[in-house]
1. Could you give the nm distance between label points at residue 119 and residue 96, where each point is 7 Å from its Cα heading toward the beta carbon?
2. Along Cα→Cβ, 7 Å out, is where each label goes; now give me the distance between the ones at residue 181 and residue 156 in nm to one decimal.
3. More than 22 Å apart: what percent of Cα pairs in region 36-184 qualify?
4. Quick one: which of 86-92, 106-112 comes out on top by average Cβ neighbours within 10 Å, and what's the full order, highest first?
5. Length gain on complete extension for the stretch residue 43 to residue 133, per 0.36 nm per residue less the alpha carbon to alpha carbon distance?
C-alpha cells in the first residue's frame, strides 16, 4: 500500500526484535475484522436491471485477518481476537484459520452473529464499480468485555495490532490493556473515516496517504 508509515518489512523486523526480550512462546495479538469478500466481475459490459455473465469469487478478507495471516507466514503464531457467525461465511473463514494451525480461542461465534461480508462489483476492466459492506457485526459483538477476557494474551504479547473496524470503546479498552503492560500498539486505519479513532495512543501506523493526512489533522486539532 502506498504511503505506509511503516512497511510490512518494518512489522517483521519489529516483531523479531521485540520477541528477543519477550516470552518466546508469545505471538502478537491481533484484534479486528474477519470478513468474507465477494468479488463479482462481468465478462461483458453490464446492463442495468438485468443479470450479466461473469465470474464470482469468494475471498477471505478483513484487515486484521489479512495481517494475521501474513504474520503467520513470517514464522510466528498470531493470536486473533474477532467474531464470526454460525453461517457459511463464518465456516469458510474459520476452517481456513484452523487449517493454518492458528488458534480460534479468541474468535467468538454465536447464532445471533452474522459474519461480516463485503460484496465488490467490478467492471470489465477490473475497476471497482460498486461495493456493499455488511460489517456492523464487528462493532456490535467485538466488545470491550469480550476483548478483556484475553488480557493474559495481550500482556505477554510482543505487539498488539488493532484495526479500526472496532468500536471506539473496544479500541480504547484494547489500548488501555496494552498501555498497562507497556505493549506497543500497531494501528490499521481501514479507511479515512475511521483513521482518527485511536490516533493519539498508537505507536505504529500502516496507512495510505489519505488516512495519514486525516490522522495528522486530528493530532494538530487536539
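Read the figures in this text as sums done on the coordinates, not as results from a lab. Keep in mind the model is a prediction, meaning the values are calculated, not measured. Ideal geometry is used to build each Cβ from the backbone, glycine not excepted, and the neighbour counts take in all protein chains shown.
1. 1.9 nm
2. The modelled label-to-label distance comes out at 0.8 nm.
3. So the portion of pairs separated by more than 22 Å is 47 percent.
4. Ranking the peptides 86-92, 106-112 by packing returns 86-92, 106-112.
5. So the chain would gain 30.1 nm between residue 43 and residue 133.
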